[in-house]
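Taking it in order: structure first as structure tokens, then the write-up.
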């Protein structure tokens, strides 16, 4: 009995110490060997306290971890649960998904990480750029690489020698430090993320070479690509303390990858009649791969099913109402994961309140505003298609852009007067107005609902503040000094100004344009980052950057594109970097190692994206032609925008000389909308749903259109409703275990099918 009591005593001591470690507190050396006094109260709760040494009693322990209870102050299980909840993230989805432990002994900078990370980055960069120009672009997410590297990593751990090279010196290393671990896996995924995200500056090269038929050298193209990507890294470093460390900034998309990491690395016992997360992932992955043969090859109608068009095949109005590809998409649905997730991301990763905001905004814009404007013939709407990003004459024919460009790649005013004013379809014009409203509502929303929080974090940045368990665990690692990011900013801005001045004949952007673009980016990175971190959705800055430089420096289309890339994409890239920072935060990756992986992955992806795009532009005949498979849908919208905002200029379209000047009233509408929400929430404080109305997300819901179509939205909303409302509300245990794993499996199955398609297509070629 005495031996049994001693064993129990030791177990309780270990419980106390493990609890301290899990909470981010390191036990003192004395605690490791000191005896532990424990007792259990009537509720069965063990209570742990630390006793200091009694200086009057030399026989007392230096410091002992003590577990004791008293009748006067019993500790209930509810109190302990409350303490756990206080330490864990206040966001329920995070608390259910992200582990609250850290093993800092795991090796991170390994040969496996560098090799598999580089290969993942190169392959994803090549494949995503290769399919970017197709009529139906396929985007392969980083989750595909996240899955594929697991067996490769374990194979390398089993087969590569564990010999230690240069043993005894400070350069000592080994190619195989032990089993393939989760932290290596996370860094490989960071490399893959760099390859999975498109490089926006490719649009400039494509538009100049394929649409304007002008020259831009490879070296200049590479400078533009690298500087736009790396510039965002500086903004990300400045805003880390606002967008990574606070628990409220939870970045929903990261939970998909965290859940997948846990499924692939944690051992769990299968419940009777149930499946482990790994088993569920494998089944869903195989089903996703097998099913995509139908919408991808055998039965492509599954991409967009419209019963309205089936019933009335010869009716123009039925096509306008029911078509999911060219109309309002009423009743249209796509039974294809690429249709569902290609523009708005995975609906399974979207919080339900954000999905509702997107859905309400989509319905108001597409089913209320656009039909009213079209059938009332606003801006001669019936002269043009219902949905189109093309540019027209007043008679509805395509505008001849080449005829109004002079030999200096500048607007020829006399030729423009002969051709007449440029017309947009009403939907395209209204979508710009909605973009104006989204911009002003973003500024107003962040100021009203997050202004105090930003101010308090600014004031408390040098003070000790309350941290959740993840932030506390990360304190043991060396942080990235902020001056590193400032140096990156200074060097990058200097190189950008040099390139714009020295190669002005190709880039057209003056030095002051670079500084103005940086000013716009740094102003909007914080509000856009807050919205993305909370809702997984965010309005873009492309319209405001085009608007500003278009008014100040009209007639120069390449300058307009460059300004948009430096002002908008550097901000967008900053948000992506911050999202990766948060992923490393959740998975307890040392920040300096994360910094290095992001830099290397970004530079590598820039080179591969550019080489692939350059090869395609030089070798594929009729690329970006409507009669080709390679229609370049995203680049077509980018080209049209460069004509509207850069070549002709907003003054002749949305200003006093334009036909669409009334669209500017949307700025005022967007600014007023968040104020109405704030007033409503104070007038009706018991109506909690009012506080979930997010006007920037609601207004900017159709920001992906016209590249996206209505079927992309209707399918995404249905999937989001089923996951975020039905399953989350009525089967929360299923949602917790399988929701994010299912999202990753669907992505991975689609990616594998695309890879097989590429292999078969390459053999046929």
- If we keep only residues of segment 539-570 that are surrounded by fewer than 24 Cβ atoms within 10 Å (Cβ to Cβ) and outside any helix (DSSP H, G or I), then the residue modelled with the lowest pLDDT is 540
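Criterion first (exposed (fewer than 13 other Cβ atoms within 10 Å of the Cβ), assigned to a helix (DSSP H, G or I), at pLDDT 85 or above and not assigned by TED's automatic domain parsing to the domain that holds residue 653) does residue 368 satisfy it?
On the way: exposed (fewer than 13 other Cβ atoms within 10 Å of the Cβ): yes; assigned to a helix (DSSP H, G or I): yes; at pLDDT 85 or above: yes; not assigned by TED's automatic domain parsing to the domain that holds residue 653: yes.
Judged against the criteria, residue 368 is a match.
Among 75, 108, 139, which is part of a loop (DSSP other than H, G, I, E, B), touching a helix residue (DSSP H, G or I) at 6+ places or on another chain (Cβ under 7 Å) and modelled with pLDDT under 85? Step through it out loud before you land on a result.
Working: 75 fails: touching a helix residue (DSSP H, G or I) at 6+ places or on another chain (Cβ under 7 Å); 108 fails: modelled with pLDDT under 85.
After applying the criteria, what remains is 139.
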- May I ask you to say which residue of 719, 673 is crowded, with 18+ Cβ neighbours inside 10 Å, under 26 Å from residue 548 (Cα atoms) and modelled with pLDDT of 90 or more? 673
- By my count, helices (runs of 4 or more DSSP H) wholly in segment 656-724 with at least 2 residues that are farther than 20 Å from residue 332 by Cβ and more than 28 Å from the chain's Cα centre (by Cα) are 665-683
- Task: Could you figure out which of (1) surrounded by fewer than 22 Cβ atoms within 10 Å (Cβ to Cβ); (2) touching a residue at least 60 places away in the same chain (Cβ under 8 Å) isn't true of residue 574?
- Result: (1)
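Any idea which of 296, 324, 274 is over 27 Å from the mean Cα position of the chain (by Cα) and on the phi < 0 side of the Ramachandran plot? Walk me through how you get there before you give the answer.
Numbers: 296 fails: over 27 Å from the mean Cα position of the chain (by Cα); 324 fails: over 27 Å from the mean Cα position of the chain (by Cα).
On inspection, the qualifying residue turns out to be 274.
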- Single match in 510, 527 (criterion: assigned by TED's automatic domain parsing to the domain that holds residue 634 and crowded, with 19+ Cβ neighbours inside 10 Å): 527
- Message: Let me confirm something: among 600, 575, which residue is assigned to a helix (DSSP H, G or I), under 28 Å from residue 103 (Cβ atoms) and touching a helix residue (DSSP H, G or I) at 6+ places or on another chain (Cβ under 9 Å)?
- Response: 600
- Item | Subset of segment 143-152 (residues that are modelled with pLDDT of 80 or more and either part of a loop (DSSP other than H, G, I, E, B) or surrounded by fewer than 24 Cβ atoms within 10 Å (Cβ to Cβ) (or both)) | 150, 151, 152
- Task: Specify which of the listed residues (192, 158) is at pLDDT 85 or above and surrounded by fewer than 21 Cβ atoms within 10 Å (Cβ to Cβ).
- Result: 158
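Helices (runs of 4 or more DSSP H) wholly in segment 173-282 with at least 3 residues that are within 30 Å of residue 481 (Cβ to Cβ) - which ones?
Values: elements: 182-196, 202-206, 218-238, 240-243, 254-265.
Correct list: 182-196, 218-238, 240-243, 254-265.
The values are calculated or read from the model by the stated rules, or taken from the named source; none is laboratory data. Being a predicted model, the structure only gives us computed values, none of them experimental. All Cβ positions, glycine included, derive from the backbone under ideal geometry; neighbour counts span all protein chains shown.
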